[in-house]
1. Over the stretch 34-83, what percent of the accessible surface lies on carbon and sulfur atoms, probe 1.4 Å?
2. Given a 1.4 Å probe, how much area per residue of the chain is accessible, in Å²?
3. Excluding residues fewer than 8 places away in the same chain, name every one of the lysines whose C-alpha is closer than 19 Å to that of LYS201.
4. Would you mind telling me which residue in ASP26, ASP155, ASP129 has the biggest mean-square fluctuation in a Gaussian network model of the chain, where springs connect alpha carbons within a distance under 10 angstrom?
5. Mind checking which lysines have their C-alpha under 17 Å from LYS142, skipping anything on the same chain fewer than 8 residues away?
6. Loop-only check: which chymotrypsin sites (Phe, Trp or Tyr not before Pro) in the stretch 100-157 are DSSP coil with at most 10 other Cβ within 10 angstrom?
7. May I ask for the angle, rounded to the nearest 10°, between helix 30-44 and the longest principal axis of the chain, with both axes built from Cα atoms and the value confined to 0 to 90°?
8. Amide H neighbours of ALA111 under 5 Å, counting only residues 5+ apart in sequence or on other chains, H built in-plane at 1.01 Å?
Amino acid sequence: MCTARSSQELQEITRSFPGVHVVALDVVSQPSIHSASEEVASIVGTEGLNCLINNAAINISTDLNTVTGDAMMKTFESNAVAPLLVTKAFLPQLRAAAAAQKNTGMGVHRAAVINVSSTLGSIQLNWGDGAQFKSYAYRTSKSALNMVTRCLATDLEAEGILCLALHPGWVRTDMGGPQAPLSPEESISSVLSVISSVTEKDHGGFLDYTGNTLPW
């Protein structure tokens, strides 16, 4: 399953891959989140949802001279608050999947929440050369997402739902720009490889697209 603010954006995928379901979802709209959760529940049924990937994010360019409260709030809403509320809405489906695979360890074979983060959210790496990218809103929102991920990991561990923050690399997308070293295909292939191999040892962690552990 995949989501977009307008499901029309992904209809080409369904034409090429008939087994893919496209669900409309605006992550900063609570009614949209609720509607998407109900639609997914009707699709997956009692088997539940094995993996939720929170990927939606925005980047409002903000250095010390240009940062505003509005830019900070909008970025936090999309990049940190929305993944938490989407996860909360989809918990019944995740819990159903986790309960169906009791005593099988942790991973996407059971139930997992993958929050797409960034090395730009690493407090430790925001120093020296690592501090050249200036964006108060984006950096702090991804740091907040990392904390959301760890909080979820603490709360959902007993239910067998793995939670992980994952950096997909610097990718040539609308946000990443044409100078980024990774193509979308390279990033996606690597990310899927990492996601498919994570276990309880990675629960609550912060990894990059190669599977390496990143500093908080």
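1. Working: 1520 of 2810 Å².
After summing per-atom areas, the C and S share lands at 54 percent.
2. Values: 11590 Å² over 216 residues.
Value for the chain: 54 Å² per residue.
3. Straight-distance partners of LYS201: LYS102.
4. Among ASP26, ASP155, ASP129, the largest GNM mean-square fluctuation belongs to ASP129.
5. LYS74, LYS134
6. Working: sites: TRP127, PHE133, TYR136, TYR138; in loops: TRP127, PHE133.
Sparse-neighbourhood loop chymotrypsin sites (Phe, Trp or Tyr not before Pro): TRP127.
7. Rounded to the nearest ten degrees, it is 40.
8. Result for ALA111 returns LEU162.
The values are calculated or read from the model by the stated rules, or taken from the named source; none is laboratory data. Fair warning: this is a prediction, and the values are worked out from it, not measured in the lab. Every residue, glycine as well, gets a Cβ built from its backbone with ideal geometry; the counts of neighbours run over all protein chains shown. The accessibility values were calculated without ligands, DNA or RNA, using every heavy atom of the protein model including side chains. Shrake-Rupley method; radii C 1.70, N 1.55, O 1.52, S 1.80 Å.
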